[in-house]
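Colleague: Okay, here's the structure, questions in a sec.
The values are calculated or read from the model by the stated rules, or taken from the named source; none is laboratory data. Because the structure is predicted, anything quoted here is derived from the model rather than measured. Neighbour counts are summed over all protein chains in view; Cβ atoms, including those assigned to glycine, are modelled from backbone coordinates with ideal geometry. Calculation scope for accessible area: heavy atoms of the full protein, side chains included, ligands and nucleic acids excluded. Shrake-Rupley method; radii C 1.70, N 1.55, O 1.52, S 1.80 Å.
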Amino acid sequence: MRATFLHMADCHLGYRQYNSRERQNDFTRAYLDIIRAAIDRKVDFVLLAGDLFEKRTIDPVTLDHAIRGLERLKKAGIPCLAVEGNHELAHYRDSIGWVRFLAERELLKLLNPQLDGESVTLPPYEEREGAYVEPVPGLRVYGMRYFGSSTAHIVKKVADTLAAADIQGIEYTIFMAHAGVEGVLDHQGGAVSHREMAPLRPHVDYLALGHIHKPYAFDDWIYNPGSPETNSLTEAAWPERGYYLVEVDTEAEPKHRPVLHANSRRPFERLFFKVDAYETPGDLLEACRRFVERRRSLFKGEAPVVELRLSGVLPFDRSALSIEPFEKTIIELYKPLHCIVRDDTRGAEFAVGIDQHLSRPALERQIIADLLGRDNRYRARSGEWTELVLAIKQLAVSGAPADSILEELTRGEERILQGEAVQC
């Protein structure tokens with residue numbers, strides 16, 4: 001028996017990332033790109049392992065986009081077999097969700113075990129209900145929706161049911177589920193361990209998963225293609241994700257040959273810049289611009305989403321760091337669809353050493369001089385800056401008009417800066 005199928009998941013149609021309509025369209029474009037691949041390769045069927053939609057409540061445009069892709073498959077004679085993911089499960093008050101709606105319109109076949117208390121059965125798909133179909137003679141596909149924390153418990157019961165199933169004439173078995181496997185992502189909650197998945201192994205040739213957006217494969221039988229579009233900045237680190245094309249030949253060893261393909265998607269560019277070595281905000285901005293120019297010269301693509309992340313210890317006061325000039329630099333050089341500048345920097349923090357025997361005015365002077373001495377902009381003439389700060393403070397305490405304080409501050413700043421220029 002031979003067959004070819006496409007395995008996809010986590011399309012998240014309708015996700016208006018960054019509140020951008022264009023990003024919402026990107027998710028549709030990625031989905032339709034995979035549909036096109038399935039049709040071009042003339043696959044026998046498509047697996048959709050959950051989270052076709054971003055959320056339970058969708059707008060008419062999102063529904064239209066989903067229908068458009070499924071109608072193309074149907075016109076090409078390619079059945080789409082699906083399970084429901086956690087993002088699209090119907091609200092408990094609703095009779096059906098939108099994926100069930102698509103099944104009612106016979107645009108896909110929605111698979112799921114039947115649960116009756118502690119009993120789990122796996123009936124064939126009939127009249128838009130059931131746990132399995134046989135899209136190719138000799139090949140059977142089972143499906144299971146997202147069950148969250150109950151997944152391991154349901155998997156054990158499904159495995160027991162599979163052990164007793166009539167598999168006469170079945171040469172290849174696929175089990176599709178919206179569930180994650182432990183160990184793929186750090187701090188991933190709700191995933192199932194390999195030990196908990198193991199009971200399926202004797203009965204399943206290909207375990208088709210969705211839910212986790214990072215692509216992975218284990219032991220030549222567990223496969224997850226990852227997300228077609230970039231749902232979060234973290235996912236930009238996994239460029240090779242999108243869908244599996246799988247050729248099955250039960251006369252060969254191994255029985256299947258899955259190949260992971262990356263579909264077309266919006267480019268993301270992540271830039272990381274350390275601030276520690278730059279003494280002034282101007283020096284930092286200039287150095288960062290040179291860095292961004294170098295990265296831009298290597299970047300291939302148009303209108304990306306760009307993230308610039310600033311990190312390290314600032315050698316000057318944090319209040320002097322303005323994000324806007326960095327955003328303007330990114331926009332000028334990349335002309336991005338969306339720009340994100342994250343300030344992960346921290347100020348130089350250490351205790352002020354004081355002499356408790358000093359008078360209050362002397363102690364105040366020492367603390368101000370110490371703080372100014374830490375900032376590279378003021379360190380060289382910290383004594384003069386200290387005198388200016390104290391003079392301004394005295395004017396404020398004595399109730400001097402704001403104009404007089406500003407005039408004194410301006411004169412003092414000019415005097416110190418001119419002194420620096422002469423010294424240079």
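Colleague: Working carefully through the options 245, 271, find the one that is of a type in the set (A, V, I, L, M) and closer than 22 Å to residue 35 by Cβ.
Modeller: Exactly one of 245, 271 is of a type in the set (A, V, I, L, M) and closer than 22 Å to residue 35 by Cβ, namely 245.
Colleague: Now for a separate question. Pairs only if they're at least six apart or on different chains, beta carbon under 9 angstrom, first in region 200-215 and acidic (Asp, Glu), second part of a helix (DSSP H, G or I) and open to solvent by 40 Å² or more (accessible area, probe 1.4 Å); list them, first residue then second.
Modeller: Note: no pairs meet the criteria.
Colleague: While we're here: If I filter region 293-304 down to residues being part of a helix (DSSP H, G or I) and of a type in the set (Lys, Arg), which single residue comes out as surrounded by the fewest Cβ atoms within 10 Å (Cβ to Cβ)?
Modeller: 294
Colleague: A further question on this structure: Go through region 2-21 and count every residue that is on the phi < 0 side of the Ramachandran plot and open to solvent by 10 Å² or more (accessible area, probe 1.4 Å).
Modeller: Looking only at that region, the number is 6.
Colleague: List the strands (runs of 3 or more DSSP E) that sit entirely inside region 160-264 and contain at least 3 residues that are open to solvent by less than 30 Å² (accessible area, probe 1.4 Å).
Modeller: Per the criteria, 172-178, 206-210, 222-224, 242-249.
Colleague: Here's another thing I want to ask about it. When you go through 307, 327 one by one, which is the residue that is closer than 23 Å to residue 234 by Cα, of a type in the set (D, E, K, R), modelled with pLDDT of 95 or more and surrounded by 18 or more Cβ atoms within 10 Å (Cβ to Cβ)?
Modeller: Within the list 307, 327, the selection yields 307.
Colleague: Another one. Out of all the residues in region 96-119, is one or more within 27 Å of the chain's Cα centre (by Cα) and farther than 29 Å from residue 42 by Cα?
Modeller: Yes, there is a match, as at least one residue in region 96-119 is within 27 Å of the chain's Cα centre (by Cα) and farther than 29 Å from residue 42 by Cα.
Colleague: For residues that are modelled with pLDDT of 90 or more and touching a strand residue (DSSP E or B) at 6+ places or on another chain (Cβ under 9 Å), tally how many sit in region 87-103.
Modeller: 5
Colleague: Separate question: Do you know which of the residues in region 376-392 that are at pLDDT below 80 and either assigned to a loop (DSSP other than H, G, I, E, B) or open to solvent by 60 Å² or more (accessible area, probe 1.4 Å) (or both) is nearest to residue 315 (Cα to Cα)?
Modeller: Step by step, filter region 376-392, then rank; the result is 376.
Colleague: Sort out for me the strands (runs of 3 or more DSSP E) sitting completely within region 93-153 that have 1 or more residues that are surrounded by 12 or more Cβ atoms within 10 Å (Cβ to Cβ), of a type in the set (Lys, Arg) and in contact with a Ser or Thr (Cβ under 6 Å, 6 or more places away or on another chain).
Modeller: The qualifying strands (runs of 3 or more DSSP E) are 139-144.
Colleague: Filter region 265-292 down to the residues that are assigned to a helix (DSSP H, G or I) and in contact with a Ser or Thr (Cβ under 9 Å, 6 or more places away or on another chain) and list them by number.
Modeller: Scanning region 265-292 gives 281, 285, 288, 289, 292.
Colleague: When only residues in region 22-55 that are free of Cβ contacts under 8 Å to residues at least 60 places away in the same chain and not in a helix (DSSP H, G or I) count, which is most open to solvent (accessible area, probe 1.4 Å)?
Modeller: So, considering only residues that are free of Cβ contacts under 8 Å to residues at least 60 places away in the same chain and not in a helix (DSSP H, G or I), the one most open to solvent (accessible area, probe 1.4 Å) is 42.
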